[in-house]
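J.: Got a structure for you, written out below as structure tokens; questions coming shortly.
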Amino acid sequence: MSSKASKGQTPQPNPLNNRTRLIAANWKMNHNHLEGIQAVQKLYYHLKDSDYRFAEIAIFPPFTDLRSLQLLIESDRMSLVLGAQNCYFETSGAFTGEISPLMLAKLNVKYVILGHSERRTIFMETDEVVAKKVKAVFDAQMIPLLCVGETLQQREARDTGDVLRRQVKSVAEACSNHSVSSLVIAYEPIWAIGTGVAASPEDAGSAAEIIRTAASEALGGADMGAMRVLYGGSINGSNAKDFLAESRIDGLLVGGASLEADSLVRVIQSS
Ligand code: PGA
């Protein structure tokens, strides 16, 4: 494959708030390593320099794809970033089936998604476990991408603010010795994930404000102005633009629409 120089492809901070946008492609349990290579090659072919300047673009493939994609991205000097979808909080030992944060760091993984609602509901991860994982990812010099969000029932009971405050507080307190402002938080209302029904950009913006305030309060009033908050849940090429125009939202966590290069490119180029 030919290699494009990565010059001129550095993400530029949003002039409205000085934060660098992040578009995170969460493939979940889709694409084996051969399909993953094809998807990234196609994505790379369609992206323009201006896309990389607009936002940092990160791919979160299954663990078994990571090494192949690392080699592809590094050998072709692609301005794409690698992420992982989960990890364990211990660094090594008798934990059959688990992946250490150090193993991910060794593959030049930059971000690790933690506390995704599918992990919380299907795999019973508690706030306490999520907080330990966030701390372990910081310790391994990577950036946690923490997911928070309410169920439909909690939303209808007007509990959204309390749920977000509880989820953010437990992590911020456990990580108070790290630079928590480098944490990325994705507001992902559970009722919006994979349903085709997204939140409104205004609601997502208000949630981002609650999240920043909760993190600041948990850290004794620390300035959280640099902390990035993304929105995720039924993002597609048609609605992405409105979220990216909301100055309190710093990017998107994209599930279904990230699997095909064409639809991910539509999301990235929608603004
Ligand atoms: P979705 O998933 O875009 O398919 O709704 C988002 C996510 O779960 O991260």
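J.: Do you know which residues across region 155-165 are assigned to a helix (DSSP H, G or I) and surrounded by fewer than 18 Cβ atoms within 10 Å (Cβ to Cβ)?
T.: Hits for region 155-165 are E156, G161, D162.
J.: When G225 is evaluated against the numbered criteria (1) free of Cβ contacts under 8 Å to residues at least 40 places away in the same chain; (2) open to solvent by 20 Å² or more (accessible area, probe 1.4 Å), which criterion, by number, is the only one it fails?
T.: (1)
J.: Continuing with the same structure: Of the residues S216, S234, S271, only one is within 15 Å of the ligand (Cβ to nearest atom) and among the polar types (S, T, N, Q); which?
T.: S234 is the lone residue from the list that is within 15 Å of the ligand (Cβ to nearest atom) and among the polar types (S, T, N, Q).
J.: While we're here: If a residue must be small (G, A, S) and within 28 Å of I193 (Cα to Cα), how many such residues does region 80-104 contain?
T.: 4
J.: Same structure again: Restricting to region 94-140, name every residue that is closer than 17 Å to F60 by Cα and within 16 Å of the ligand (Cβ to nearest atom).
T.: Once the filter is applied, which keeps residues that are closer than 17 Å to F60 by Cα and within 16 Å of the ligand (Cβ to nearest atom), region 94-140 yields Y111, V112, I113, L114, G115, H116, S117, E118, R119.
J.: Could I ask something else about it? Among the residues of region 166-216, which ones are of a type in the set (G, A, S), surrounded by fewer than 21 Cβ atoms within 10 Å (Cβ to Cβ) and farther than 18 Å from R119 by Cβ?
T.: If the condition is that a residue be of a type in the set (G, A, S), surrounded by fewer than 21 Cβ atoms within 10 Å (Cβ to Cβ) and farther than 18 Å from R119 by Cβ, then S176, S179, S181, S182, G196, S200, G205, S206, S216 are the ones that fit.
J.: Then there is this: Scan region 48-61 residue by residue and report those that are buried (at least 19 other Cβ atoms within 10 Å of the Cβ) and either in contact with a Gly (Cβ under 7 Å, 6 or more places away or on another chain) or not in a strand (DSSP E or B) (or both).
T.: Hits for region 48-61 are D51, Y52, F54, A55, A58, I59, F60, P61.
J.: Then there's this: Return the pairs, sorted by first residue and then second, in which the second residue is of a type in the set (A, V, I, L, M) and open to solvent by less than 80 Å² (accessible area, probe 1.4 Å), the first residue lies in region 106-128 and is farther than 23 Å from Q141 by Cα, the beta carbons are less than 6 Å apart, and the residues are 6+ apart or on different chains.
T.: S117/I190
J.: Go through region 147-163 residue by residue and tally those that are touching a strand residue (DSSP E or B) at 6+ places or on another chain (Cβ under 8 Å) and within 16 Å of the ligand (Cβ to nearest atom).
T.: Residues that pass the stated criteria total 3.
J.: Name every residue in region 223-264 that is charged (D, E, K, R) and within 17 Å of A39 (Cα to Cα), in order of residue number.
T.: Answer for region 223-264, where residues must be charged (D, E, K, R) and within 17 Å of A39 (Cα to Cα): E260, D262.
J.: Another one. Looking at E202, E188, which one is in contact (Cβ under 8 Å) with a residue 60 or more places away in the chain and either acidic (D, E) or more than 16 Å from the ligand (Cβ to nearest atom) (or both)?
T.: E188
The values are calculated or read from the model by the stated rules, or taken from the named source; none is laboratory data. Given the structure is predicted, the values throughout are model-derived calculations rather than measurements. With ideal geometry, Cβ positions are generated from the backbone for all residues, glycine too; neighbour counts draw on all protein chains shown. These accessible areas exclude ligands, DNA and RNA; they are computed on the full protein's heavy atoms, side chains included. Shrake-Rupley method; radii C 1.70, N 1.55, O 1.52, S 1.80 Å.
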